[in-house]
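Report on the structure given below.
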Amino acid sequence: MKLTEKETARYNRQILLDEIGEAGQLLLKQARVLIVGVGGLGSPVALYLAGAGVGTIGLIDDDTVSETNLQRQVLYSEPEIGLSKAEQAKLRLQALNSDIRVEAWNERLTPQNAECLIANYDIVVDGCDNFRTRYLINDTCVRLDKVYVYGAIREFDGQVSVFNYQGGPDYRTLFPDEEGMRTMPHPSKAVLGVTPGVVGCVEANETMKVILGSPHALSGRLWHIDLKSMESYVISLV
């Protein structure tokens, strides 16, 4: 497989990077990434991966667009209120980059469909908002030897890590007590619109690093940012 003349011109700015080049752009073109949840986090992840030329992007979300989403879910617009997020996101990504393949499922990830869906992708990116789904993603990725790019937000805070990459730890290393996590009170829905934008962009960045085989991905490490104080730090998980 080679890059077309059109692709070489389109992705010129990132091909110029020594860390990518034409060989790296080919890796992006061949990659298959599933985004679970196409809301606040999933929106920037999807847009930047599509813009970067990731060849196949899967989207799974059973929700519809609401007016309250528009404060942070930048994939959508007012005329799309009431419509399927997965389907509208697919249309938006295809409009951004007609050279990539976008697959959409208007359903929730469940124990019944997770293995069948995730088996078709190389990387799963977390755009969800609950512990149950995160444990499901993690355990399925471990069984199928897939990489899980994790992201979470609350108010002004966010965090990102990469699990099951090159022998690194998984989500249960960070949160080993599944029962305790699932019985915790659901956190407040309050969030600054910018928070998922920043954290989602970091998830997209980590996804590209995984595709490119970078040794600098956040495997075994957790990145955290507080947008109120603009303090960020990375802690070791191993």
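The values are calculated or read from the model by the stated rules, or taken from the named source; none is laboratory data. Every value quoted in this text rests on a predicted model; they were computed, and no experiment measured them. As a convention, Cβ positions derive from the backbone with ideal geometry for all residues, glycine included, and neighbour counts pool all protein chains shown.
Of the residues contained in segment 172-180, none is found to be modelled with pLDDT of 95 or more, surrounded by fewer than 21 Cβ atoms within 10 Å (Cβ to Cβ) and among the hydrophobic types (A, V, I, L, M, F, W, C). For the residues A217, A152, A204, A190, the requirement of being over 17 Å from P44 (Cβ atoms) and surrounded by 18 or more Cβ atoms within 10 Å (Cβ to Cβ) singles out A217. For N130, the requirement of being surrounded by fewer than 16 Cβ atoms within 10 Å (Cβ to Cβ), over 27 Å from L212 (Cβ atoms) and at pLDDT below 95 is met.
Within segment 154-168, the set of residues being under 16 Å from E206 (Cα atoms) and either of a type in the set (F, W, Y) or in contact with a Leu (Cβ under 7 Å, 6 or more places away or on another chain) (or both) comprises Q159, V160, S161, V162, F163, Y165. List every residue pair whose Cβ atoms lie under 6 Å apart, where the two residues are 6 or more positions apart in sequence or sit on different chains, the first residue falls within segment 193-213 and is over 17 Å from I123 (Cβ atoms), and the second residue, located anywhere, is among the polar types (S, T, N, Q) and assigned to a helix (DSSP H, G or I). Listed pairs, sorted by first residue: G193/Q71.
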